[in-house]
Amino acid sequence: MNKLSKKRLYHYTSVDTLITILEKGTLRFNNLTAMDDPEEAKSQDSYNAGRWIFTSRWTPLKDNKRMFQKYGLNGKGVCISLSEYPFYTVYGNPVQRNKLFMNSFSCVEPFEFTKGTEIYNEKYNLLFMPPKVEQITVNYTNDEKLLYPNISNPTGSGISYFDDLLGKYKDLKWSYQIEIRYHLRPTLINNMHRPKDEYDFSQMMLGIIYTKISEDCPIQCIDIPIKIRNLEVIFGSKLDNSKKSKIKNVAKKYCPNPIFFNSKISW
């Protein structure tokens, strides 16, 4: 059964991962090196850039056998569903507790950002650009220029950087996934300071770019709060009743109005 939904997205995973999502009320973003296709983290000019792109993978495919086989433990896992874009957007100053950043600028006007990102700014000096989770529809292709993009280009004043080109394209062999992703792109601001002049500012920005090209991100994953009201859970056909009961008990404790279904897939 390959039902498509425009208002809900689906994620195939293990029982343990679902329990963690429910208990913590968060969704985990992993960097591109942790994806099913390790080639995604690569570009023509940097082996490292994919470590700075964090993603959570979803699909409009509901109760899909191939997806259960690949990501739902061959029917012993679950398919969970949430309303599209389940993140909290808040208005304010997510860097207000970061002295390094606040001392670098005379004024930071409030703006919209995804709730939860401010924790990583305060703890790890990470600034998210854009400040809100991005929703991206993956495109499938055999074009190597798209699969391995050139993300840094020399300019008259230094270098330009386009990490938004990563994680958008996958090889045609993955097209069965019909994947929709949520992206976060942090930037390390350890060398942030109040620039003396334009040259000092350009050197500061160059340092930030070279860090993303040549160094590892200081974190391996990002956990972001989500709205879990009306969560749907499809139990894999091979999932035993004890695990179903455990999921129901935890879901009813943390999630208002959870909905449960049994998969209709035959194995």
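Positive end of the dipole of the stretch 108-267 (Cβ unit charges, origin at the Cα centre): among T137, Y148, F235, the Cα lying farthest that way belongs to F235. Legend: residues F235, F260, sorted from most to least accessible area (1.4 Å probe; ligands, DNA and RNA excluded), read F260, F235.
Pairwise Cα separations in the stretch 142-259 fall into 10 Å bins from 0 onward with the following percentages, short to long: 9, 24, 24, 20, 15, 7, 1.
For the stretch 149-243, relative contact order (Cα pairs under 8 Å, six or more residues apart, normalised by length) works out to 20 percent. The charge dipole of the chain, taken about its Cα centre with unit charges on the Cβ of Lys, Arg, Asp and Glu (plus for the first two, minus for the last two), comes to roughly 1720 debye. On the principal axes of its alpha carbon atoms, the chain extends 66, 42, 27 Å, with the longest extent given first. Annotation: amide H-H contacts under 5 Å for F29 (H modelled 1.01 Å from N, sequence separation of 5 or more, or interchain): I222, D223, I224. Taking the average, over residues, of other Cβ atoms within 10 Å as the packing measure, peptides 162-169, 49-56 rank 49-56, 162-169 from highest down. How high is the relative contact order of the chain, in percent, with contacts defined as C-alpha pairs under 8 Å that are six or more residues apart? Value for the chain: 30 percent. Three semi-axes describe the equivalent ellipsoid of the stretch 59-120; taken as square roots of 5 times the Cα gyration tensor eigenvalues and ordered largest first, they are 41, 13, 8 Å.
The values are calculated or read from the model by the stated rules, or taken from the named source; none is laboratory data. None of these values were measured; they are calculated from a predicted model. Reconstructed Cβ throughout: ideal geometry from the backbone, glycine too, with neighbour counts over all protein chains shown. These area figures cover heavy atoms from the full protein model, side chains too; ligands, DNA and RNA do not enter into them. Shrake-Rupley method; radii C 1.70, N 1.55, O 1.52, S 1.80 Å.
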